[in-house]
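These notes are about the structure you will find just below.
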Amino acid sequence: MVKLERTGAITTDSSGDATATIALPPGRVIAIAYFKTDYANGVDFDIQSGMGDELWDEDNVNAAQVQYPRVTVQGGTGSDVTYDGSNAIYEAPVSYGSAAITVASGGDTKSGEFAFFIET
């Protein structure tokens with residue numbers, strides 16, 4: 001089952017910056033959608049899970065889009081697992097509790113919204 005969690009409008013301050021936290025159900029983050037309301041072109045995003053995984057870090061975004069975050073898989077020793085000795089294996093990151101969203105260069109009191117698709 002896939003659950004959809006939306007942030008609602010995240011509005012920047014006069015410096016063009018904003019932070020927000022969204023509660024997420026336990027599961028895997030299979031996609032994050034950005035809905036542009038009126039953030040300035042060139043807005044920067046940094047989204048981290050409550051577990052500390054980088055879910056989306058992109059600068060100079062101009063339009064609505066969808067990202068499919070992935071993180072490397074580690075073995076029991078903590079080293080990255082590969083399928084041929086050199087190419088890492090990736091999985092959808094685990095959500096647990098929340099995600100922190102940081103917006104920069106979004107323009108003076110502008111807004112946008114994010115949606116998280118969580119496979120539970």
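The values are calculated or read from the model by the stated rules, or taken from the named source; none is laboratory data. Since we're looking at a predicted model, the values are computed, not measured. Cβ: placed from backbone, ideal geometry, glycine included. Neighbour counts: every protein chain shown.
Here are the numbers for this structure:
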{"read-out": "Test: residue in the stretch 92-108 that is farther than 20 Å from Ala20 by Cα and more than 11 Å from the chain's Cα centre (by Cα)", "value": "yes"}
{"read-out": "Yes/no for Ala33 being of a type outside the set (Lys, Arg), part of a strand (DSSP E or B) and under 12 Å from the mean Cα position of the chain (by Cα)", "value": "yes"}
{"read-out": "Those residues of the stretch 23-39 which are touching a Gly at 6+ places or on another chain (Cβ under 9 Å), of a type in the set (A, V, I, L, M) and surrounded by 15 or more Cβ atoms within 10 Å (Cβ to Cβ), in sequence order", "value": "Leu24"}
{"read-out": "For Tyr39: the one exception among (1) modelled with pLDDT under 95; (2) in a loop (DSSP other than H, G, I, E, B)", "value": "(1)"}
{"read-out": "Single match in Glu54, Glu91, Glu5 (criterion: touching a residue at least 60 places away in the same chain (Cβ under 8 Å) and exposed (fewer than 15 other Cβ atoms within 10 Å of the Cβ))", "value": "Glu91"}
{"read-out": "Strands (runs of 3 or more DSSP E) (entirely within the stretch 47-120) containing at least 2 residues that are at pLDDT below 95", "value": "94-104"}
{"read-out": "Residue identified as loosely packed, with under 13 Cβ neighbours inside 10 Å and in contact with an Asp or Glu (Cβ under 7 Å, 6 or more places away or on another chain) among Ser14, Ser86", "value": "Ser14"}
